[in-house]
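The values are calculated or read from the model by the stated rules, or taken from the named source; none is laboratory data. Since we're looking at a predicted model, the values are computed, not measured. Here the Cβ positions follow ideal geometry from the backbone for every residue, glycine too, while neighbour counts run over all protein chains shown.
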Amino acid sequence: MTTLELDRTPTDEVARARDQVFEGLRAAMPEGVMAEALRCSGRLEAELPHRTELERNLVMVAYGGGKDSSYTLAFVRAIQLILYRVHGRTFQMRVATNRHAGMPRAVMENIDREYRALWLADDPDCELLLVDGDEVSPFDVDLPQFDHVVRRNRLDILMTGHRTFADGRPTFCNSCNLSVFNAFGVAASFGDGADVIITGDSPQEQRQYTFWVGRLARRLGTAMPAKPRDGQSGFGRILGQLDGISQSYFADIHGAGAADAIAERRVSTDVPERLRFFSIYDETDYAAGDHFELLTGFLGFQFDDLAFSFTESDCANPALMAHLRGLKAEHLFQRSYDEGLTEYVEFALNLMRSKDIPVHLIEMMQARYDSPAALKRMRLAAQEYALETFGMTEEHLVCMTYSPFAGQGAGLERFLDREHPDLAARVGEIHALLAGGTGEPALVAELERISGLEPSQLRVLYSRSVQTPGQGGTPVIDLILAGDPHKAVIETRHTQDGPNTFEQISGR
């Protein structure tokens, strides 16, 4: 694919379609939003590098397919159409979606419906991209997931989960968040590159995040040299720090010798020097429920049973986080699955309230888990999702909640006694295998079946530290989680009959 052509005069068909979309947006948007978009269009125009030739500017929007980014995209489309109505020409808009294995088909369909509603696919000044790892494709709702991306996501989940007793946030989000930043770099540098990236974060939030990245890089010993390489933009420097964080993190997770795994998870830093951020925060500082009718009406957004999962509306992994908490209670703590699931649901509903998610969406989520029958239904849905999406069986998930191999196999004996008593007498052989021995082929195959991991990966776990539930203990993972608001200390029990204790859990 090549960069969009320049100096095109819109055809009558394009002009009519843009007018129809503009009128539709104006009718659907909450009162006053178009006036805010008009004000924002003037600010953006003043920031563009080619103000007298608007069509030479390429503005990028990162679109995850969730409810908030859907509104952001509609707002930026309104700005694009306002400038067209004023000048008869407008900037090029690149919309880029980072896709990971936890993004269900329903999210792709929401994206496709919004693209149709905003008439983006056929507009010559719009470019719609899908980023899978380092691969860029034109958006296609029917494009299947890339097998190598799914395998990568699966391995990251297992290797991190086995260090943390399957704690939700690090298990699912650490590697995914790094892949999001990589997608920013990949999409911003694609073709001739972007001039501007639109963000909904305030300047203060951007400064805070830049400070956090720099501090984390220093603590991990990966901070970039004081003098960046020639031609590296400010955003490029941040991406460079994130790349260092990524290398440190994945060396810890997969082992320093896993050069290929670390290399394929690097964060792209080769963005144009001219690239700058533009915040629409001042014009879009809205209450979360204000744009609901626009979202579900004009834009066609649908809240799918899995894709809408607690605080997320573009990822099904939080449903799996809840499922793992239930399995942990049932197996590790010898309580009931429903008790563990209910603990996670209460935690996640509080997260939703803290994020000012509309009350009716919180009630919708609460109803999904409000009875024994509902809990059973969600357990089955999570089991199916784990198997279909990641190829992970319930046996793999249960194994992960024990973290039996990490920390020199500190939890191995308890795991085998409870879950695989036929192997309990061979615990010495398994320790020898994990410490670097060869092992009987049948035993090796059985451990692979139980864990979903190869012997080399189990040996990396064996050599790594493991958390004490609720108390941390893995330095790299803990540093990344430090200061993250998506966690809480809950009162729980680590045995069937008590006593009550406190544990930090995290998730989305």
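Output the qualifying pairs, or none if there are none: Cβ atoms under 9 angstrom, residues six or more apart or on different chains, first residue in the stretch 358-382 and farther than 16 Å from Thr342 by Cβ, second residue of a type in the set (Gly, Ala, Ser) and surrounded by 12 or more Cβ atoms within 10 Å (Cβ to Cβ).
Pro358/Ala288; Pro358/Gly289; Val359/Gly289; His360/Gly289; Leu361/Ala288; Leu361/Gly289; Leu361/Ser313; Ala381/Ala319
Output the qualifying pairs, or none if there are none: Cβ atoms under 8 angstrom, residues six or more apart or on different chains, first residue in the stretch 386-401 and charged (D, E, K, R), second residue modelled with pLDDT of 95 or more and assigned to a helix (DSSP H, G or I).
That search, which allows pairs on different chains as well, returns Glu394/Leu327; Glu394/Gln383; Glu394/Ala386; Glu395/Arg449; Glu395/Ile450.
Residue under question is Gly439, and the condition is that it be part of a loop (DSSP other than H, G, I, E, B), farther than 17 Å from Leu327 by Cα and more than 36 Å from the chain's Cα centre (by Cα); does it hold? So that I can check it myself, show each step before the final result.
Details: part of a loop (DSSP other than H, G, I, E, B): yes; farther than 17 Å from Leu327 by Cα: yes; more than 36 Å from the chain's Cα centre (by Cα): yes.
Against the criterion (part of a loop (DSSP other than H, G, I, E, B), farther than 17 Å from Leu327 by Cα and more than 36 Å from the chain's Cα centre (by Cα)), Gly439 qualifies.
Residues in the stretch 303-324: is at least one over 19 Å from the mean Cα position of the chain (by Cα) and either surrounded by fewer than 14 Cβ atoms within 10 Å (Cβ to Cβ) or not aromatic (Phe, Trp, Tyr) (or both)? Break it down stepwise before answering.
From the stretch 303-324, those over 19 Å from the mean Cα position of the chain (by Cα) are none; that's our starting set.
Within the stretch 303-324 (the criterion being over 19 Å from the mean Cα position of the chain (by Cα) and either surrounded by fewer than 14 Cβ atoms within 10 Å (Cβ to Cβ) or not aromatic (Phe, Trp, Tyr) (or both)), the answer is no, since none of the residues qualifies.
Can you name the residue in the stretch 210-268 that is modelled with pLDDT under 85, among the small types (Gly, Ala, Ser) and crowded, with 17+ Cβ neighbours inside 10 Å and is also nearest to Pro170 (Cα to Cα) among such residues?
If we take residues in the stretch 210-268 being modelled with pLDDT under 85, among the small types (Gly, Ala, Ser) and crowded, with 17+ Cβ neighbours inside 10 Å, then Ala223 is nearest to Pro170 (Cα to Cα).
Would you check if there is a residue in the stretch 294-312 being closer than 28 Å to Gly161 by Cα and assigned to a helix (DSSP H, G or I)?
No: the stretch 294-312 contains no residue that is closer than 28 Å to Gly161 by Cα and assigned to a helix (DSSP H, G or I).
Is it the case that the stretch 345-355 has a residue that's touching a strand residue (DSSP E or B) at 6+ places or on another chain (Cβ under 6 Å), in a helix (DSSP H, G or I) and closer than 26 Å to Pro499 by Cβ?
Keep residues of the stretch 345-355 that are touching a strand residue (DSSP E or B) at 6+ places or on another chain (Cβ under 6 Å), which gives 347.
Subsequent filtering for residues that are in a helix (DSSP H, G or I) retains 347.
Among the residues that remain, those that are also closer than 26 Å to Pro499 by Cβ are: 347.
Looking through the stretch 345-355, at least one residue is touching a strand residue (DSSP E or B) at 6+ places or on another chain (Cβ under 6 Å), in a helix (DSSP H, G or I) and closer than 26 Å to Pro499 by Cβ.
Given (1) within 18 Å of the chain's Cα centre (by Cα); (2) acidic (Asp, Glu); (3) in a helix (DSSP H, G or I); (4) closer than 23 Å to Lys67 by Cβ, identify the lone condition not met by Asp201.
(3)
With in contact with a Gly (Cβ under 9 Å, 6 or more places away or on another chain), buried (at least 17 other Cβ atoms within 10 Å of the Cβ) and either over 17 Å from Leu332 (Cβ atoms) or not polar (S, T, N, Q) (or both) as the only criterion, which of Arg464, Arg493 stands out? So that I can check it myself, show each step before the final result.
Values: Arg493 fails: in contact with a Gly (Cβ under 9 Å, 6 or more places away or on another chain).
Result of the check over Arg464, Arg493: Arg464.
Before we move on, is Asp123 part of a loop (DSSP other than H, G, I, E, B), surrounded by fewer than 20 Cβ atoms within 10 Å (Cβ to Cβ) and either on the phi < 0 side of the Ramachandran plot or not β-branched (Val, Ile, Thr) (or both)? Talk me through it step by step, then tell me what you get.
Working: part of a loop (DSSP other than H, G, I, E, B): yes; surrounded by fewer than 20 Cβ atoms within 10 Å (Cβ to Cβ): no; either on the phi < 0 side of the Ramachandran plot or not β-branched (Val, Ile, Thr) (or both): yes.
For Asp123, the condition - part of a loop (DSSP other than H, G, I, E, B), surrounded by fewer than 20 Cβ atoms within 10 Å (Cβ to Cβ) and either on the phi < 0 side of the Ramachandran plot or not β-branched (Val, Ile, Thr) (or both) - is not met.
Go through Glu448, Glu454 for me and flag whichever is surrounded by fewer than 16 Cβ atoms within 10 Å (Cβ to Cβ), closer than 26 Å to Phe333 by Cα, modelled with pLDDT of 95 or more and under 35 Å from the mean Cα position of the chain (by Cα). It would help to see each step written out before you state the result.
Values: Glu454 fails: closer than 26 Å to Phe333 by Cα.
It is Glu448.
If you go through the stretch 397-406 one residue at a time, do you hit one that is in contact with a helix residue (DSSP H, G or I) (Cβ under 7 Å, 6 or more places away or on another chain), under 29 Å from Arg151 (Cβ atoms), surrounded by fewer than 18 Cβ atoms within 10 Å (Cβ to Cβ) and of a type outside the set (Gly, Ala, Ser)?
So in the stretch 397-406, the residues in contact with a helix residue (DSSP H, G or I) (Cβ under 7 Å, 6 or more places away or on another chain) come out as 397-406.
Right, trim to under 29 Å from Arg151 (Cβ atoms) and you get 397-406.
Keeping just the survivors that are surrounded by fewer than 18 Cβ atoms within 10 Å (Cβ to Cβ) gives none.
The answer is no, given that none of the residues of the stretch 397-406 is in contact with a helix residue (DSSP H, G or I) (Cβ under 7 Å, 6 or more places away or on another chain), under 29 Å from Arg151 (Cβ atoms), surrounded by fewer than 18 Cβ atoms within 10 Å (Cβ to Cβ) and of a type outside the set (Gly, Ala, Ser).
Just a yes or no: is a residue in the stretch 316-324 at pLDDT below 90 and more than 13 Å from Asp68 (Cα to Cα)?
Kept after step one, since they are at pLDDT below 90, are these residues of the stretch 316-324: none.
No, the stretch 316-324 contains no residue that is at pLDDT below 90 and more than 13 Å from Asp68 (Cα to Cα).
Pick out the one residue from Phe165, Phe146 that is touching a residue at least 12 places away in the same chain (Cβ under 8 Å) and out of contact with any helix residue (DSSP H, G or I) (no Cβ under 8 Å at 6 or more places or on another chain). Walk me through how you get there before you give the answer.
Values: Phe165 fails: out of contact with any helix residue (DSSP H, G or I) (no Cβ under 8 Å at 6 or more places or on another chain).
From the options Phe165, Phe146, the qualifying one is Phe146.
Looking only at the stretch 73-83, decide whether some residue is under 19 Å from the mean Cα position of the chain (by Cα), closer than 27 Å to Asp282 by Cβ and either modelled with pLDDT of 95 or more or not charged (D, E, K, R) (or both). Write out each step before concluding.
So the first thing to find is which residues in the stretch 73-83 are under 19 Å from the mean Cα position of the chain (by Cα), and the list is 73.
Filter again for closer than 27 Å to Asp282 by Cβ, leaving 73.
With either modelled with pLDDT of 95 or more or not charged (D, E, K, R) (or both) added as a condition, the list becomes 73.
Checked against the condition, which is being under 19 Å from the mean Cα position of the chain (by Cα), closer than 27 Å to Asp282 by Cβ and either modelled with pLDDT of 95 or more or not charged (D, E, K, R) (or both), the stretch 73-83 yields at least one hit.
Inspect the stretch 331-354 for any residue being in contact with a Cys (Cβ under 7 Å, 6 or more places away or on another chain) and in contact (Cβ under 8 Å) with a residue 40 or more places away in the chain and give the result as yes or no. It would help to see each step written out before you state the result.
Initial filter on the stretch 331-354 (in contact with a Cys (Cβ under 7 Å, 6 or more places away or on another chain)): none.
Within the stretch 331-354, not a single residue is in contact with a Cys (Cβ under 7 Å, 6 or more places away or on another chain) and in contact (Cβ under 8 Å) with a residue 40 or more places away in the chain.
Report yes if Glu36 is of a type in the set (D, E, K, R), assigned to a helix (DSSP H, G or I) and in contact with a Lys or Arg (Cβ under 6 Å, 6 or more places away or on another chain), otherwise no.
No, not satisfied.
Determine the pairs where a residue that is among the small types (Gly, Ala, Ser), located within the stretch 249-263, has a partner that is outside any loop (DSSP other than H, G, I, E, B) and crowded, with 16+ Cβ neighbours inside 10 Å with Cβ atoms under 7 Å apart, the partner being 6 or more residues away or on another chain.
If the second residue must be outside any loop (DSSP other than H, G, I, E, B) and crowded, with 16+ Cβ neighbours inside 10 Å, the pairs left are Ala251/Ile262; Gly255/Val460; Ala261/Phe250; Ala261/His254.
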